[in-house]
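Chemist: Just passing along the structure, written as structure tokens.
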Amino acid sequence: MNRRIAVLISGRGSNLQSIIGAAAAGQLNATVAVVVSNRPGAQGLARARDAGIDALFLNPKDHPDRDAYDRAIVDVLKARDVTLVCLAGFMRLVGPPLLEAFPQRILNIHPSLLPSFRGLDAQRQALEHGVRVTGATVHLVTSALDDGPIVVQAAAPVYDDDTVETLSARILIEEHRLYPEAIRLVLDGGWTVEGRRFVRR
Ligand code: GRF
């Protein structure tokens, strides 16, 4: 596989920034070929442009349904010869057109130790549950939400006086280290998926 990656975002883009930084530092041996946002004001779009990366807002409202929107994303990515798609705070479910265009080639980062605390507000879920350890997960994306084969995980402690903000900040430090590591692993190959396990040979 070539090493041209796309990053899909909806907001702040701090994970995008960590990927851009790792690529620029030569740690990925990869190029961020394009950044796509489903929201026009996403801070990540500015981060990408500052780094000289092609950054597009694709408006879901310009498309009749989710599949049509996903197909538009696929067209953008294929036109740029992308082989790996990284979801980084992309607040949309990925549907069949994208999954079929990039089988086992879509990654997502989630701020919990999956399979705990899927979905929105994972840090708040962890606090409310009272766990002492949570963390971050990078996984291959499947049609089920926050459910695909786990590539890498990192733990973060939960302290008694944590708020959603302090816990999120601690997890985010792990995320920024973890996502480039996962991308490098996946691009380097030498792995398979067995059942729901990501297995390195
Ligand atoms: C991160 O916590 C990520 O795990 C979750 O959404 C957040 C995105 O943050 N999926 P950023 O846009 O990368 O700063």
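The values are calculated or read from the model by the stated rules, or taken from the named source; none is laboratory data. Bear in mind that the values here come from a model prediction, so they are computed numbers and not experimental data. Please note: Cβ atoms are built from the backbone with ideal geometry, for glycine as well, and neighbour counts cover all protein chains shown. When the accessible area is computed, the model is the full protein with side chains, heavy atoms only, and any ligands, DNA or RNA have been set aside. Shrake-Rupley method; radii C 1.70, N 1.55, O 1.52, S 1.80 Å.
Chemist: How far, in degrees from 0 to 90, does helix 164-188 lean away from the longest principal axis of the Cα atoms of the chain, to the nearest 10?
Modeler: 50
Chemist: Could you give the accessible area per residue of the stretch 32-82, probe 1.4 Å, as a whole number in Å²?
Modeler: Spelled out: the 1.4 Å probe surface of the stretch 32-82, per residue, equals 51 Å².
Chemist: If every alpha-carbon in the stretch 39-93 counts as one equal scatterer, what log10 I(q)/I(0) does Debye give at q = 0.16, 0.29, 0.30 1/Å?
Modeler: So the normalised log intensities work out to -0.54, -1.43, -1.42.
Chemist: For the stretch 123-201 and the stretch 11-42, compute the distance between their C-alpha centroids and round to whole Å.
Modeler: Centre-to-centre (Cα) distance: 18 Å.
Chemist: Charges only on Cβ, +1 for Lys and Arg, -1 for Asp and Glu: so what's the dipole of the stretch 51-201 about the Cα centre, in debye to the nearest 20?
Modeler: In debye, rounded to 20, the stretch 51-201 gives about 460.
Chemist: Can you pull the percent of the chain's accessible area that's carbon plus sulfur, 1.4 Å probe, other chains left in place?
Modeler: In the chain, the share of accessible area belonging to carbon and sulfur is 49 percent.
Chemist: Write down the Å³ per residue value for the convex hull defined by the alpha carbon atoms of the chain. Kindly include the intermediate steps, with their values, before the conclusion.
Modeler: On the way: hull volume 23.9 nm³, N = 201.
So the per-residue hull volume is 119 Å³.
Chemist: Specify which residue in the list A51, Q125, V141 is farthest towards the positive end of the charge dipole of the stretch 35-168, using unit charges on the beta carbon of Lys, Arg (+1) and Asp, Glu (-1), about the Cα centre.
Modeler: A51
Chemist: Provide the percentage of antiparallel DSSP beta bridges, counting only those with both residues in the chain; round to the nearest 5.
Modeler: 50
Chemist: When every alpha-carbon pair in the stretch 1-103 is counted, what percent end up more than 17 Å apart?
Modeler: 47
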